[in-house]
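Comments concern the structure below.
The values are calculated or read from the model by the stated rules, or taken from the named source; none is laboratory data. Keep in mind the model is a prediction, meaning the values are calculated, not measured. All Cβ positions, even for glycine, are placed from backbone atoms using ideal geometry, and neighbour counts span all protein chains on display.
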Amino acid sequence: MKRRTALWIALILAWSSGMALGQKKPKEEEAAVRSVEGVVTDPEGNLVEGAVVQLKNTRTLQVRSFITRKDGVYFFHGLSTNVDYELKAEHQGRSSDVRTLSVFDTRRKAVINLRLKNP
């Protein structure tokens with residue numbers, strides 16, 4: 001009987017600690033997520049609609065793209081805080097310099113504006 005009671009207590013403790021860990025996990029995952037946004041401008045400083053902004057994960061080499069809106073804005077959400085990302089914009093034969101969102105950048109919402117250069 002004592003063994004059965006001890007087993008039930010062990011199971012209840014394991015279950016409750018698993019529940020506690022499960023409750024903490026989303027907060028930990030939230031802490032490891034960030035975003036980046038900005039605007040794309042031409043060499044004269046005008047906002048560019050239709051520019052393609054590419055975000056490259058330097059660890060996996062996966063590339064995501066975003067086409068800027070009328071106001072020149074782009075954004076990427078759900079980015080890992082443990083990975084460097086490279087950003088570049090292109091539009092009608094012009095491109096920006098590659099900019100890096102570093103793991104050392106602790107902002108949860110980074111702003112990186114991209115300026116197109118003349119070819």
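Selection of region 87-105 for residues being more than 11 Å from the chain's Cα centre (by Cα) and in a strand (DSSP E or B) yields Leu87, Lys88, Ala89, Glu90, His91, Arg94, Ser95, Ser96, Arg99, Thr100.
Candidates are the residues of region 32-47 that are in a loop (DSSP other than H, G, I, E, B) and of a type outside the set (S, T, N, Q); the one that is surrounded by the most Cβ atoms within 10 Å (Cβ to Cβ) is Asp42. Can you confirm whether Arg108 is within 11 Å of the chain's Cα centre (by Cα) and of a type in the set (Lys, Arg)? Yes, satisfied. Filtered by the rule that a residue be in a loop (DSSP other than H, G, I, E, B), touching a residue at least 12 places away in the same chain (Cβ under 8 Å) and aliphatic (A, V, I, L, M), region 48-81 gives Val48, Ala51.
Among Thr68, Thr58, Thr81, which is at negative phi, among the polar types (S, T, N, Q), at pLDDT 95 or above and touching a Lys or Arg at 6+ places or on another chain (Cβ under 6 Å)?
Details: Thr68 fails: touching a Lys or Arg at 6+ places or on another chain (Cβ under 6 Å); Thr58 fails: touching a Lys or Arg at 6+ places or on another chain (Cβ under 6 Å).
The conditions single out Thr81.
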